Amino acid sequence: MNQENRTYHYGVTSHRNAVDLAMRVCTVLGHGRLLSAPHLLLETAGVETNLGTFVDPTPGYAGFGLTQGDPIGVKDVAARTRYDDIKLIRNCFLFDLRELKPIDLENDPLKAMVFTRCFYKLIPDEIPADLAGRAQYWKTYYNTKFGKGTVNDYIKKAQLYVYGGPYGCQ
């Protein structure tokens, strides 16, 4: 499947652009002990918006941008992110996370990835190294029991939109 012939939304220009953004964000904010954070960011975007190729039709927006950050989550992340990370974000990405509004994520995939990485950094459990583990991690912490997404949805969408098919790299 040619990932580059899709129509992208939320400010993403290509599959490669999304990968580059995830790597850039994790280079600044950490890849996680098992080096799984870039995978988790891309897979989250994969399950939430088909890696930017699906526009959420929910009236009034259930979430914003590439990773579908919700208003409560954006406010919480802005309030609880460590000051050292706030400084890194300001110095490297030139915005203040404490001033981030949900609508700021809508067409700025960098801000969406930064928000999502900071969201996951607030979770004390390590990001799993394997796709199935990350799917459960996402369901538990990001989508929660109240979300419609499932672990199987996550795995299928990660394989299709992030890794290029059911037998892609994980």
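A few remarks follow.
- Yes/no for N107 being at pLDDT 95 or above and out of contact with any helix residue (DSSP H, G or I) (no Cβ under 9 Å at 6 or more places or on another chain): yes
- Extreme residue, nearest to I127 (Cα to Cα), among residues of the stretch 17-32 that are in a helix (DSSP H, G or I) and either free of Cβ contacts under 8 Å to residues at least 12 places away in the same chain or in contact with a strand residue (DSSP E or B) (Cβ under 7 Å, 6 or more places away or on another chain) (or both): T27
- Scanning the stretch 64-104 for residues that are crowded, with 21+ Cβ neighbours inside 10 Å and within 19 Å of A18 (Cα to Cα) returns F64, G65, L66, T67, Q68, G69, I89.
Residues are listed down the side, and each one gets a yes or a no for (1) within 16 Å of the chain's Cα centre (by Cα); (2) modelled with pLDDT of 95 or more:
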position	(1), (2)
G60	no, no
V77	yes, yes
D84	no, yes
K121	yes, yes
W138	yes, yes
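- Residue in the stretch 2-14 that is under 18 Å from Q159 (Cβ atoms), in contact with a Phe, Trp or Tyr (Cβ under 8 Å, 6 or more places away or on another chain), part of a loop (DSSP other than H, G, I, E, B) and modelled with pLDDT of 95 or more present: no
- Residues of the stretch 90-101 that are assigned to a helix (DSSP H, G or I) and either more than 12 Å from K121 (Cβ to Cβ) or out of contact with any Cys (no Cβ under 8 Å at 6 or more places or on another chain) (or both): R90, N91, C92, F93, R98, E99.
- Residues of the stretch 12-40 that turn out to be closer than 24 Å to N50 by Cβ, surrounded by fewer than 18 Cβ atoms within 10 Å (Cβ to Cβ) and polar (S, T, N, Q), as a count: 3
- Hey, A112 under 21 Å from D20 (Cβ atoms), touching a strand residue (DSSP E or B) at 6+ places or on another chain (Cβ under 9 Å), modelled with pLDDT of 95 or more and part of a helix (DSSP H, G or I) or not: yes
- All conditions but one from (1) of a type outside the set (A, V, I, L, M); (2) surrounded by fewer than 13 Cβ atoms within 10 Å (Cβ to Cβ); (3) within 12 Å of the chain's Cα centre (by Cα) apply to P109; the one that does not is (2).
The values are calculated or read from the model by the stated rules, or taken from the named source; none is laboratory data. Here the structure is a predicted model, which means the values were calculated and not measured. Using ideal geometry, Cβ is built from the backbone for each residue, glycine included, and neighbour counts are taken over all protein chains shown.
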